[in-house]
Structures are given as C-alpha cells and as structure tokens.
Ligand SMILES: C=C(O[C@@H]1C=C(C(=O)O)C=C[C@H]1O)C(=O)O
C-alpha cells in the first residue's frame, strides 16, 4: 500500500531515475528499450556478475537482450543480458500509478545524476588517451578520398567509412533526462540503453532493423541515403539524387543476394520509400518472408549471420570493404554498427543495427557515425552527414529537452 502510494507520486523522470539507480545497484547487466511506434518502455535485468556470452542461435535462445560488436568474434558469440527480471512501463501518462516490481524496492536508494555517471565510469575499463581525440575532419576527408579511389580502381563498389566524435560529459549531465528526450523526440526509432559491467555502457536511437521475427513472419530492411529533413512536410519535399538511389539499391541487392544464398525465392519487397529518423530522411525498402510457408523456422538466425554487417554499414563486396575499413578507419567501432535488441521476449525478436549511438567511458562520451560512399561522393558532404548523425544523440547529451 505504501509502495503504491509512493509510486503514484513519482513522475516519469523520477521513475526512470529509480530504475537506473536499481540497475546500477543490482550489480549485473541491464538494458532498457522502446521499440519504434511503441508507447511502452521495456526493461530487463540480469543479476549474473560475469557478463554472459551466447551463440547466435536465436530460435533456441532464452529470453533476453543480445549485444554484438561490429567485428565478428573469434568464438562466434554475442553478449547477452538474460531476462532474469523483465517488465514494462507505459510511457503515456496514465491516471493509475506506475507499478515497479517488488524486487526493485530493495534498491530504494535513488542515485543522483552524478552518482549514476560514477556508476558507469568506474566500472568501465580506462580508454587509451588516443581514443579521447575523436576523428579529425581532415582525417575523415582523407578516408573518404581513399574510399572513392578504391571504388574508382574497381576494388570496391561501396564502402561506409565512419568516425568518432568525443564530448566531455557535461557537468550537469543527467542520463534520465537525456533518455526521456530521446524517447520523446524519436518515436520512429529503437531507443535503447544498456550496461554490461566492465564492458560498456551505451545509449542510442536506431532507425534500422537488422532482423525481426514475429509469429510466422521474418522482416528485414535496406536503409540508406541520407538528407536533413526540412520544412513543414519533409517527407513530401524530399528529392533524391542518383547517388543516393544507387547507394540504397546496393543495400537491397545485398539482402536479395543473401536470400539467394539460401535459395529463398518467396520474399516480398516493398519500397523504396522516404522515411524519417530523427531529423534525417532515408530511403528504405522493407522485406518480409513467411517462415511457415517457406518452411524456414530458423530464418532469423540464418539471415542474422548472412546479413551482418550489411552494406548499409560496411560495404560491397563485404570482405574487401571490411578489410579496407580495418586498414584505414583508424579506430575500434566496438558496438557501433553491431547489433542489439530483445530476443524471444513475448515470442518476438527485434534486432537493430546499433546506429545513432553513444558510449560512455571515463569522463568522455563517444559518438559514432558513418556515411555510405560511392563513386559520386563529395567528401565535404559526407562529413556534414556524419555531423548530423552524431548530433541526433549528441544534442540530448548536451541539452536534454524536457
Ligand atoms: C552508418 C550510419 O547509417 C547508415 C548509413 C546511411 C547512409 O549512408 O546514408 C543511412 C542509414 C544507415 O543505414 C550511421 O548512422 O552511422
């Protein structure tokens, strides 16, 4: 009774503060997320101190949240937050109090915003000082020039060089406020936060599904081509150049090639259409397959392995593009452009490409962004595109809007 009265008086912000405090005091891993167009925040907590690693066998997996870096792992495994505790809370204001689960009341001490920052800083490994600089504009322009040359020489068809941008953690940084800003401002994105003790603490708002399975259906998408959303009706006003149309078509072709590898012919392809992600526009095609009719119940896992990393975040041909980035990009992407998301929660699996994301360490926040380069790319424009992408998360770290 007392608890429910207490919960009634908590605002959304205070509820989130309380959840984050409990997560950090719980001592294990935890994640929270809101799927695109959903009005529920989902949360999962795992009390195991040692971070779990699992095979990429989604169909047999326990319920939980999977996190895989950009690079393939030697042991072919991903990090995993098992849903030892799982619950959801409504994000729309309702009259009834938000119910937090009973176990959470053991962690009734609410950490203030500074203590929360300390909780993720202290546990993460120290980063080297070279990682504190981020990618300079001239280095990124050089990388794009090199990418264009590699394409002109016929060695690559498309490549997606990326960069980092470093922000000092602002004096008054407030994780709960930043997260609420992302939730409010990006209804079409997969807003997420996860904490793997000793490994990383990340937050993001991804627009891109890598694979989704719901009942009998498998879904994926090709997302590429970027421009700033402008004016009253940005979707209508969008005009795409040949460069962007081709860039996105290459990603669709890549997906179709993956279907071909497994001799799957019965897929539906819809699009491309213009979609909004934050204040950016992209071109997107949606693909779906009925796993029952095609007798392919394990399609989720098979396609996950074939698709990652797609040509939306790496390039084509995949191996050559990957080698090129390894040689010239000059930083470790870690979880950026890897994949994250809930697995077998309420019989659904929704795995997103980890884009529009930030990692926390020491006193720094690292933002990551890439841009698809083709023969017709203009290096200066690709730099501007990465600035816009970094800003999607960066602006709410610097100035949450509540
Ligand atoms: C690489 C990123 O985004 C990807 C690349 C895009 C592009 O090149 O236009 C668009 C959407 C994403 O598939 C990123 O956000 O960092």
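Connecting C-alpha atoms closer than 10 Å in a GNM of the chain, tell me which of 144, 289, 313 has the biggest fluctuation.
Result: 289 has the largest fluctuation of those listed.
Subtract the Cα-Cα distance of residue 399 and residue 38 from 0.36 nm times their separation in residues, and report this length gain in nm to one decimal.
Contour length minus Cα-Cα distance gives 127.5 nm.
Under 1.5 on a/c is rounded, so check that first for region 218-375, then, if it is not, pick prolate when a/b is larger than b/c and oblate when it is not; a ≥ b ≥ c are the square roots of the alpha carbon gyration tensor eigenvalues. Please report the intermediate quantities before stating the final value.
Numbers: a/c = 1.42, a/b = 1.17, b/c = 1.21.
Rounded, because the longest to shortest axis ratio a/c is under 1.5.
Pop a pseudo-label 7 angstrom from the Cα along the beta-carbon direction at both residue 332 and residue 239 and give the gap in nm to one decimal.
4.6 nm
How much FRET efficiency would the formula 1/(1 + (r/R0)^6) give for residue 93 and residue 63, where r is the Cβ-Cβ distance and R0 is 41 Å, rounded to 0.05?
The formula returns an efficiency of 0.90 here.
If you take the square roots of the eigenvalues of the alpha-carbon gyration tensor of region 277-323 and sort them as a ≥ b ≥ c, do you get rounded (a/c under 1.5), prolate (a/b over b/c) or oblate?
Because a/c hits 1.5 or more and a/b fails to exceed b/c, region 277-323 counts as oblate.
Most mobile of 72, 332, 102 per a Gaussian network model of the chain (Cα springs, under 10 Å)?
Comparing 72, 332, 102 in the GNM, the peak value goes to 102.
Which of the peptides 198-208, 151-161 is most tightly packed, and how do the rest follow, judged by the mean count of other Cβ atoms within 10 Å per residue?
My ranking of the peptides, most packed first, is 198-208, 151-161.
How high is the FRET efficiency between residue 319 and residue 292 when r is their beta carbon distance and R₀ equals 51 Å, given to the nearest 0.05?
0.90
According to a simple spin-label model (label point 7 Å from Cα along Cα-to-Cβ), what is the distance in nm between residue 145 and residue 262?
4.3 nm
If one takes the longest principal axis of the Cα atoms in the chain, at what angle in degrees, from 0 to 90 and to the nearest 10, does the Cα axis of helix 175-185 lie?
For helix 175-185, the angle is close to 60 degrees.
Assign one of three labels to region 168-259, namely rounded, prolate or oblate, based on the Cα gyration tensor with a ≥ b ≥ c the square roots of its eigenvalues; rounded applies when a/c is under 1.5, prolate when it is not and a/b is larger than b/c, and oblate otherwise.
Oblate shape, in that a/c is at least 1.5 and b/c is the bigger or equal ratio.
Work out how much length residue 253 to residue 77 would gain on full extension: take 0.36 nm times their residue separation and subtract the Cα-Cα distance, in nm to one decimal.
So the chain would gain 60.6 nm between residue 253 and residue 77.
Specify the inter-centroid distance of region 216-247 and region 145-173, based on alpha-carbon positions, in whole Å.
20 Å
Going by average Cβ neighbours within 10 Å, how do the peptides 26-34, 83-91, 314-322 rank, with the highest at the top? Numbers along the way, then the final one.
On the way: 26-34: 22.8, 83-91: 17.3, 314-322: 19.7.
Highest mean packing first, the order is 26-34, 314-322, 83-91.
Every read-out reported here was derived from the displayed coordinates using simple, explicitly stated rules and does not represent laboratory data. None of the values given here were measured: they were computed from a predicted structure. Positions of Cβ are backbone-derived with ideal geometry, glycine not excepted, and every protein chain shown enters the neighbour counts.
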